Amino acid sequence: MITKAKIHEVENATVRDRDGASVGKVAQVFPSDEDGSAAFVSVATGILGGHTVLVPVEDATFDGEDLHVGYTKSAIKDAPSPGAGNTLSSTEANAVRKHFGLPPAGKAVGDMGDPHENLDQAGTGPAGADDTEGAGTTPPV
């Protein structure tokens, strides 16, 4: 995660795909509404950075020089481009998340990808609820 305090350090960093190949340069950082950490970056790709795409960076790492993301170069190059302006709408953000196989923002899913799985890992759920993988029980509303 790129914390709010580190966002300025990521600007203009080289973006590297999951195999370490250079993809482009960070053009802009889009912070999360929740805690201000980096949620997405726009990446200038191609010759002279003529094409810009959006990449989620929730699990990215920054080594002081390069921003390492867990996606392939081809997936990044085919990602949606940012719209006009300096902000992302929830529709734009979710389109990017979908492109990279991530659930929509704000949609918690269990570790098995089941939205009906009991997400209560602390064992404090309702009587009879199972906190194990694939439990399939819906938490109370």
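The values are calculated or read from the model by the stated rules, or taken from the named source; none is laboratory data. Since this is a predicted model, take the numbers as computed values, not measurements. Note: ideal-geometry Cβ built from the backbone for every residue, glycine included; neighbour counts use all protein chains shown. All accessible areas refer to the heavy atoms of the entire protein, side chains included, with ligands and DNA or RNA removed. Shrake-Rupley method; radii C 1.70, N 1.55, O 1.52, S 1.80 Å.
Here is how the numbers come out for the structure above:
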item	result
Cα-based convex hull, the stretch 15-85, per residue volume (Å³, whole number)	91 Å³
Loop-located chymotrypsin sites (Phe, Trp or Tyr not before Pro) in the stretch 24-103, at most 13 other Cβ atoms within 10 Å (DSSP)	none
Simple label model, 7 Å out from Cα along Cβ direction - Ile47 to Ser22, nm	1.6 nm
Label-point separation, Leu102 to Glu58 (7 Å along Cα→Cβ), nm	0.6 nm
Where Glu34, Glu92, Glu65, Glu11 fall by accessible area, highest first, once all protein chains stay in place (1.4 Å)	Glu34, Glu65, Glu11, Glu92
Solvent exposure, largest accessible area first (probe 1.4 Å, DNA, RNA and ligands not counted), of Ser22, Ser90, Ser42, Ser32	Ser90, Ser22, Ser32, Ser42
Distant-in-sequence amide H partners of Val15 (H built 1.01 Å from N, under 5 Å)	Val23, Gly24, Lys25, Val26, Leu67
